[in-house]
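Here is the structure we will look at, set down as structure tokens.
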Amino acid sequence: MSARTIPVPEIPPLDRAALLLDFDGTLVDIAATPGAVVIEPGLIDVLAVLRHRLGDALAIVTGRPLGQLDALLPGSPYAVAGEHGGALRRHPGARIEHPSMPALPTGWLAEAAGLVQAHSGALVEPKSHGLVLHYRAAPDAGPALYEAATALVSRHPGSFVVSPAKMAWEIRPAGVDKGTAVEALMAEPPFAGRVPVFVGDDVTDLDGIAAAIRLGGVGLMVPDAFIDPAGVRRWLASLAA
């Protein structure tokens, strides 16, 4: 079945909805490295129209740091949750909120950098409270990097978790995820009182989907509802139209 024949997901009217979107694999196609993603022509304009029609209740909920998203989608969303809820900006110009989280232990980033050097094509992406081991360009390295990541996390039981991503393993603080980000956003205007619609594509998005459903809303996984990010972009363009 082609993406064009998939039934259009049913969501509340835009004047009652809040749209919370993942970024990589949802709005943009997965790239070989985080810095290689392409923003398709027209996407920023579509998001601007949707933000207006949603009364500003448009947020991006991503694993990326906020600075990266600001550079890629300047001024598009009203609110942004980065690093899987580890950094939250409720509106443009607002201070960035950080829930209580443990700092990445000293030496972990250096150890991770040494690990990826043993696997040509693998790379480490640092984050403020975690790190990501990418192996898209070194697929055979996946099991070894997972073993290394779990060994690091085992040194601080209960403080950090290893989360699977698209050809990557992410070490991040326990107890903070996209679900907690959705709940925090939906608690205040312009999201409060609206019906949350969360769209994501990966395992880490399941927490956001679960939170949206708990709050009486809708959760959509890209492979099931749209097949790929191009299908998501067509859907968003149709909503904007």
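The values are calculated or read from the model by the stated rules, or taken from the named source; none is laboratory data. Just so you know, these numbers come straight off a predicted model, no measurement behind them. Glycine also receives a Cβ, built like all others from the backbone with ideal geometry; neighbour counts cover every protein chain displayed. Each accessible area value is taken on the protein alone, full model and side chains, heavy atoms only, with ligands, DNA and RNA left out. Shrake-Rupley method; radii C 1.70, N 1.55, O 1.52, S 1.80 Å.
Here is how the numbers come out for the structure above:
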read-out: Which of Val61, Val161 is most accessible, then next, and so on - probe 1.4 Å; value: Val161, Val61
read-out: Mean separation of Cα contacts under 8 Å, 6 or more apart, over the residue count of the chain: relative contact order %; value: 23
read-out: Two-decimal log10 I(q)/I(0) for the stretch 124-177, as the Debye equation yields it once each C-alpha is a single scatterer, q = 0.19, 0.21, 0.29 Å⁻¹; value: -0.59, -0.71, -1.21
read-out: The stretch 187-215-the stretch 110-171 distance, computed between alpha-carbon centres (Å); value: 27
read-out: Acute angle (nearest 10 degrees) that the helix 108-117 long axis makes with the longest principal axis of the chain, alpha-carbon atoms; value: 80
read-out: Rounded percent of accessible protein surface that carbon and sulfur make up, the chain, 1.4 Å probe; value: 57
read-out: Crossing angle, helix 142-153 versus the chain [Cα axis fit, 0-90 degrees, rounded to tens]; value: 80
read-out: Per-residue SASA entry for Tyr146, accessible area with 1.4 Å probe, Å² rounded to 10; value: 100
read-out: The stretch 93-241: C-alpha gyration tensor shape, a/c 1.5 cut-off, then a/b vs b/c; value: oblate
read-out: Estimated dipole of the chain in Debye, rounded to 20 [Cβ of Lys and Arg +1, of Asp and Glu -1, Cα centre]; value: 400
read-out: For the stretch 48-125, size of Cβ-based charge dipole, Lys and Arg +1, Asp and Glu -1, in debye; value: 340
read-out: Of Gly86, Val161, Val132, farthest towards positive along the dipole that unit charges on Lys, Arg, Asp, Glu beta carbons give the stretch 51-170; value: Gly86
read-out: Helix 43-53 vs. the chain, principal-axis angle (Cα, 0 to 90°, nearest 10); value: 50
read-out: Heavy-atom SASA rank of Ser159, Ser76 (probe 1.4 Å, accessible area, largest first); value: Ser159, Ser76
